[in-house]
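Visitor: Pasting a structure here, questions to come.
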Amino acid sequence: MPPTNAERLDDLTTKVDSIITQLAALTTQTTSSSSSLSASSTTPTTLPPRMKLDVPKFNGTDAMGWIFKISQFFDFHKTPDHERLTVAAFYMEGQALGWYQWMHRNHLITAWFDFLQALETRFAPSYYDDPSLFKLVQRSTVNQYLSEFESLANRIVGLPPPFLLSCFISGLSPEIRREVQALRPATLSLATALAKLQEDKIKDRKRLFKGKTPSHHSSPSLQPTPNTTPALLPAPPPPRVNFRKLSPEEMASHREKGLCYNCDETFTPTHKCKGRFFLLISDDGFDDNQPQSPHPLDQPEPDKTPIVTEPSEAQISFHAMSGCSIPATIRIPGHIANHPVTVLIDGGSTHNFIQSRLAKFLELPSNPTSTLKVMVGNGSILECRTICSAIPLSLQKQQFNIDFYTLPLCGADVVLGAPWLRSIGPVLMDYTNLSLSQSSFSSPVLLLKKKDGTWRFCIDYRALNSITIRDRFPMPTIEELLDELGNASWFSKLDLKQGHMVSANGVYPEPSKIQAMIDWPRPTTITELRGFLGLTGFYRKFIRNYACIALPLTALLKKDAFIWSDAATTAFEALKKAMTQAPTLILPNFSKPFTLETDASGLAMGAVLMQDNHPIAFFSKPFCPRLQRSSTYIRELHAITTAIKKWRQYLLGHPFTIYTDHQSLKELLTQVIQTPEQQIYLAKLMVYDYSIHYKSGKTNVVADALSRLPETPSGMLLTLSLPHFIFLEQLKLALAACKPFITLLNNIQTNPTNYPNHKIHNGLIFYHDRIWLDPSMPFRFTILEEFHSSPIGGHMGVTKTLARLQANFWWDGMRKDIQQFIAQCSICQQMKYETKRTPGLLQPIAPPSAIWEDLSLDFITGLPPSQDHVAILVVVDRFSKGVHLAPLTPQYTSLKVANVFFHTVCKLHGMPRSLVSDRDPIFISKFWRELFTLCGTKLRMSTAYHPETDGQTEVYNRVLEQYLRSFVHQKPSQWSKFLSLTEWAYNTSIHTATGMSTFKITYGREPPSIPQYLLGQFVYVRLRPYRQQSVSSHTYTKLSKRFYGPFEILERIGPVAYHLQLPPQSKIHPVFHCSLLKLHHGPIIAPGSLPPQAKDNQPLITPLAILNKKIDMTTDPPSTMVLVQWNGLPTEDTSWENWDTLKLDYHLEDKVIFPDPGDVSNETATSNGTTTTAGPHNNYPTTLPKRIGKRPSYLDNFV
């Protein structure tokens, strides 16, 4: 019986454990042998074995404890910081894992320190957010009280041991506390031991006196002893007010002034005392034994003016210490040494503070300073002994050098107090006078963070808008106001407050605005340019040719196009000049007709609206690129429709005249509309009363000028550049400074016979007709750079570069220098491939031991769609070399592939033991891994860029592609039909590695062989009937007989074909494939027969009878249709066929006599339910039984 998966897994686990043990032994031996090879004086030492430590999972609870454990774990294993984040992620679960995934995907955690800080902020409670440590009292046993005390004490950093001892003793039950205080323990451990001893003593006493009533003096109060100083933190809501004891005189004074007995504020029936939370800081100079003068309780409230405190009297607010955000604080991001920090600006802090852990992490320079003591609830002190001076802090791209005191802050990394606020100047915010507004007109304010880290101030006016009463009469536009003036001669001041000057002569721009345009400086930014164009555009109706003049300026408004040029300067000055020469426009008179003149050029259009030859307004506009490419007719027509739309309020309902210099538009209303563009433009003019007149360009000067671009003066600059060869000059300068060259030059000039291969030419030494260079010259590298790295050199190899250099230069060791230069060329190292053998030995996969247990998988993609399939899943058995193929639909997922794998492989061979595949996203998905891990299948992935691991599948992929290419190269979309045949052909063929077929290895027998027939035997032939196509376009394949024969076998043609003795009159080829033959059994009664006709080597079926006929009026011309019953086919296959086509294919004259033709559309019903076909000759009865309609059975349940 084969082993189960569980047994295999246990066996595999045992083997892996043995391998690990052997590897550990080999490692120990290697360490020992390496130690023995050291110096003889060195004594070999054996390192103690490392213990295997496990870190508990973190689910969001006990954050500080988990941080301590994971830090100890990494310190023990000496794990680098860049690996700690990855390892820590494996030990997180629940809400902690969800939080870490969100922080990691948003790149909010990049370092180990940031991770610890973020985790502590998210899951650990604040250091000072709970006063339980100072109010903790014993309510049960000492052990339980000690556990609660230790849990809370771990959350506070910096408290001295005497303070912890005082807190512990003060929280004990009174009967235990008195005994422990009497013994005056010096340490917390000693106090714990004494408390336990006293608890045991009290238990024994209660046991001895059980049942007796305890004395009154032995039942002390369970309330803790009140402290002399206020509590550090507020208790959970509702807050508990700490009342102070007042003398009768103080109570009388408060009563007269109407003040609260507790907080010295004005008392009302709804008064609530405000809690005050401070941490008092003092230096070592403070004398603890010095008596302090009590603060008079009846003293009036001190002045609200800020007091500059000395370092010994410094303060920090509770909210800045705990990192809480309140209206009196501002939290902004900052940077210290390129490290992001959270900065809290707090006016209640008298010094600037930085988190001690952050200062240590950033290694900020710190100096010792006089000790600062932070006094907390019951007299304990937090000490600060270091100060970080002149630390650069970046806030919103501003740099500040600030002195920071180090404190264990929580929430914020840096606290900026009063010193920093004084350094930036007056702060216009009084936090003491803030109050909640109940006005219905107040709107909430929200600060939204921008992408660059700054804040956007947003106000929500939706509530104000909902109660705002909107104007029922909107303000009229300036054009509407001017139109209403008409022929008026007297105007009020209200009419003049619109930016225009109005008189009896007309309208003109306000002189102050024109002067502002003249004084406008040249724009340097796109914002300034928009302001100038906005001001001039307000008066564009006064300026003729405004769009053309301003075109160079408006072109600068495009994206990334603001580059000031001479053309822009010319347009800028021309626009100013045009503004100073603006004409006076008349006011429109609606009792007179308007005149519209238009013109269009290749780049822009212009128009002017006039009355009595005086302009009312000018208008110009540049064309878009599409209109610039349009015909002149379209541009002129577009100019007319655009101008009419611009002045629609003047022209609608009034007759007006249009003047254009395009003569073909004069007949616009009488022309034949031929193009869609004409229809569009004419539709825009249908509601107007107008007439078009032709006006030549010479007379249409106003509109023509508006449409023409001003000619910008331009010059022509011609430049002639010639190359200048300076290489020889540089070479000569380099040789002039080379001493070996000068020495050799002098020797050649002195004794030329001693240097027969050298000669001097033009100040250079030639050796074998090549320029000689000294091997120590730095100029060699310039030459190598030119002959190798330049486009002419082309980064060629050593041989080609050497050949190119040897043609012109020579120096000793040239080949070596070229080899070294090319080897160090960074471009060659990055771009060229290596011709070396692939390093590293191939690691073979363990050989399989059983069939269909160790498989390999791969995909074949990029195939054309075939029956909704675009890819193939290939599964190869590494033992038997068998394959299974499965087509895949588009967008296949790991779930779909797994289902296909189970239906293709697992249902036949069970679950495999291992799977070898490449690193396709399907195979490395979490679903795929978890699925086969649960099934006990081991996944083996190939390494990157190493397809040899999955070599068997890659080899079969080539075989499969070759098979499909051979059969579907003409119709590639048919490849899915051949997958089953491909699989059968491969699995039944003999594999060279095994020497037998996969079929035999899997099933233990040979695959079914091809049927063999003997000569002289009789066989039946299977023929597929063929019927010629008719109008019905159907091919019928049903015959009464499936096989014909029997026929005698005369000859065997090849391994699979046979020659049969067919009847002499047969028109079918006598050679058939063995798959079409069937052996005859029994005696031969009569020789076989075949259909007399055939087509494409298949028998033809023929008409048996013509049952009826009709005229089909749906065709043009009408055609005759006959009802045909086919020979050899059942009656239900009777069909209507075209008579003309049927006569051409078959001889039917001797089989049927037709009546006169009739019309199927003129059939008349008789009284007995039959139909009669009308025709000129009705010699034959054409009565047919009436067709009885039967309702389908599936409609019986419907009403």
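The values are calculated or read from the model by the stated rules, or taken from the named source; none is laboratory data. These numbers come from a predicted model, not from an experiment. Because the Cβ atoms are built from the backbone with ideal geometry, glycine has one as well, and the counts that use them run over all protein chains shown.
Visitor: Could you run through the range 1050-1072 and say how many residues are touching a residue at least 24 places away in the same chain (Cβ under 8 Å) and not in a strand (DSSP E or B)? Let's see the steps before the verdict.
Guide: First, pick out the residues of the range 1050-1072 that are touching a residue at least 24 places away in the same chain (Cβ under 8 Å): 1050-1052, 1055-1056, 1058, 1060, 1062-1063, 1065-1069, 1072.
Filter again for not in a strand (DSSP E or B), leaving 1055-1056, 1062-1063, 1065-1069.
Matching residues across the range 1050-1072 total 9.
Visitor: Does any residue of the range 909-927 turn out to be farther than 14 Å from S856 by Cβ, among the acidic types (D, E) and in the same structural domain as P865 (by TED's automatic domain parsing)?
Guide: Within the range 909-927, not a single residue is farther than 14 Å from S856 by Cβ, among the acidic types (D, E) and in the same structural domain as P865 (by TED's automatic domain parsing).
Visitor: Related question: Is one or more of the residues making up the range 1077-1098 among the acidic types (D, E), modelled with pLDDT under 75 and surrounded by 15 or more Cβ atoms within 10 Å (Cβ to Cβ)?
Guide: Scanning the range 1077-1098, I find no residue that is among the acidic types (D, E), modelled with pLDDT under 75 and surrounded by 15 or more Cβ atoms within 10 Å (Cβ to Cβ), so the answer is no.
Visitor: Additional query: So, of the residues in the range 560-592 that are in a loop (DSSP other than H, G, I, E, B) and among the hydroxyl-bearing types (S, T, Y), which turns out to be farthest from D689 (Cα to Cα)?
Guide: Per the stated criteria, the residue is S565.
Visitor: A further question on this structure: Pick from the range 1135-1154 the residues that are among the aliphatic types (A, V, I, L, M) and at pLDDT 75 or above: which of them is farthest from D1112 (Cα to Cα)?
Guide: Restricting to residues being among the aliphatic types (A, V, I, L, M) and at pLDDT 75 or above, the top hit is L1144.
Visitor: Related question: Which of the residues spanning the range 852-893 are part of a loop (DSSP other than H, G, I, E, B), hydroxyl-bearing (S, T, Y) and either in contact with a helix residue (DSSP H, G or I) (Cβ under 6 Å, 6 or more places away or on another chain) or outside the structural domain of L908 (by TED's automatic domain parsing) (or both)?
Guide: Passing the criteria: only S880.
Visitor: Taking only pairs six or more apart or across chains, which ones have beta-carbon atoms under 7 Å, a first residue in the range 608-634 that is over 10 Å from T595 (Cα atoms), and a second residue that is buried (at least 17 other Cβ atoms within 10 Å of the Cβ) and basic (K, R)?
Guide: Close Cβ pairs (under 7 Å, with a partner that is buried (at least 17 other Cβ atoms within 10 Å of the Cβ) and basic (K, R)) amount to A617/K541; F618/K541; F618/R544; F619/K646; F623/R635; L627/R635.
Visitor: Just to be sure I understand the filter: pairs with C-beta atoms under 6 Å, separated by 6 or more residues or on different chains, first member in the range 743-757 and modelled with pLDDT under 90, second member in a loop (DSSP other than H, G, I, E, B). Which pairs pass?
Guide: Pairs found: I748/Y755; N757/H768.
Visitor: Right, H768: surrounded by 11 or more Cβ atoms within 10 Å (Cβ to Cβ), closer than 22 Å to Q806 by Cβ and in the same structural domain as L802 (by TED's automatic domain parsing) or not?
Guide: no
Visitor: Out of curiosity, is P844 under 30 Å from M911 (Cβ atoms) and touching an Asp or Glu at 6+ places or on another chain (Cβ under 8 Å)?
Guide: It is false that P844 is under 30 Å from M911 (Cβ atoms) and touching an Asp or Glu at 6+ places or on another chain (Cβ under 8 Å).
Visitor: Kindly check whether there is at least one residue in the range 1058-1070 that is farther than 21 Å from F1018 by Cβ, over 60 Å from the mean Cα position of the chain (by Cα) and either at pLDDT 85 or above or not hydrophobic (A, V, I, L, M, F, W, C) (or both). If you could, list the steps in order and put the result at the bottom.
Guide: In the first step, residues of the range 1058-1070 are kept if they are farther than 21 Å from F1018 by Cβ; the result is 1067.
With the extra rule that they be over 60 Å from the mean Cα position of the chain (by Cα), the set shrinks to 1067.
If we keep only those that are either at pLDDT 85 or above or not hydrophobic (A, V, I, L, M, F, W, C) (or both) too, we end up with 1067.
Among the residues of the range 1058-1070, at least one is farther than 21 Å from F1018 by Cβ, over 60 Å from the mean Cα position of the chain (by Cα) and either at pLDDT 85 or above or not hydrophobic (A, V, I, L, M, F, W, C) (or both), which makes the answer yes.
Visitor: Let me ask another. Inspect all residues belonging to the range 1017-1024 and state whether any of them is closer than 30 Å to W1139 by Cα, assigned to a loop (DSSP other than H, G, I, E, B) and at pLDDT below 85.
Guide: Yes, some residue in the range 1017-1024 is closer than 30 Å to W1139 by Cα, assigned to a loop (DSSP other than H, G, I, E, B) and at pLDDT below 85.
Visitor: Restricted to the range 938-954, and to residues that are in a loop (DSSP other than H, G, I, E, B) and surrounded by fewer than 18 Cβ atoms within 10 Å (Cβ to Cβ), which residue is modelled with the highest pLDDT?
Guide: Filtering first and then ranking leaves T943.
Visitor: Let me ask something else about it. For the range 887-906, state whether one or more residues are surrounded by fewer than 18 Cβ atoms within 10 Å (Cβ to Cβ), among the polar types (S, T, N, Q) and on the phi > 0 side of the Ramachandran plot.
Guide: So far as the range 887-906 goes, yes, one or more of its residues are surrounded by fewer than 18 Cβ atoms within 10 Å (Cβ to Cβ), among the polar types (S, T, N, Q) and on the phi > 0 side of the Ramachandran plot.
Visitor: Cβ-Cβ under 7 Å, sequence separation 6+ or interchain: first residue in the range 1000-1020 and under 12 Å from T988 (Cα atoms) and in contact (Cβ under 8 Å) with a residue 60 or more places away in the chain, partner among the aliphatic types (A, V, I, L, M) and assigned to a loop (DSSP other than H, G, I, E, B). Which pairs?
Guide: I1001/I851; T1002/I851
Visitor: Can you give me the number of residues within the range 994-1011 that are assigned to a loop (DSSP other than H, G, I, E, B) and at pLDDT 80 or above? First the steps, then the outcome.
Guide: Applying the first criterion (assigned to a loop (DSSP other than H, G, I, E, B)) to the range 994-1011 yields 994-996, 1004-1011.
Subsequent filtering for residues that are at pLDDT 80 or above retains 994-996, 1004-1007.
Counting residues in the range 994-1011 that are assigned to a loop (DSSP other than H, G, I, E, B) and at pLDDT 80 or above gives 7.
Visitor: Kindly list, by first and then second residue, each pair from a residue in the range 91-115 that is in the same structural domain as L358 (by TED's automatic domain parsing) and aliphatic (A, V, I, L, M) to a residue that is modelled with pLDDT under 85 and assigned to a helix (DSSP H, G or I), limited to pairs with Cβ atoms under 7 Å and residues at least 6 apart or on different chains.
Guide: Going by the 7 Å Cβ cut-off, there are no qualifying pairs.
Visitor: Another question about this same structure. Among helices (runs of 4 or more DSSP H) lying entirely in the range 768-845, which contain 1 or more residues that are among the hydroxyl-bearing types (S, T, Y) and under 52 Å from the mean Cα position of the chain (by Cα)?
Guide: 779-784, 798-806, 826-831
Visitor: Return yes or no: is S849 of a type in the set (S, T, Y), closer than 24 Å to Y1003 by Cβ and assigned by TED's automatic domain parsing to the domain that holds Q952?
Guide: In short, no.
Visitor: Among (1) more than 17 Å from Q144 (Cβ to Cβ); (2) modelled with pLDDT of 85 or more, where does I169 come up short?
Guide: (1)
Visitor: Also: If you take the residues in the range 424-453 that are assigned to a loop (DSSP other than H, G, I, E, B) and of a type in the set (S, T, N, Q), which one is modelled with the lowest pLDDT?
Guide: The residue in question is S435.
Visitor: Can you tell me how many residues in the range 439-456 are surrounded by 11 or more Cβ atoms within 10 Å (Cβ to Cβ) and of a type in the set (G, A, S)?
Guide: Qualifying residue count for the region: 3.
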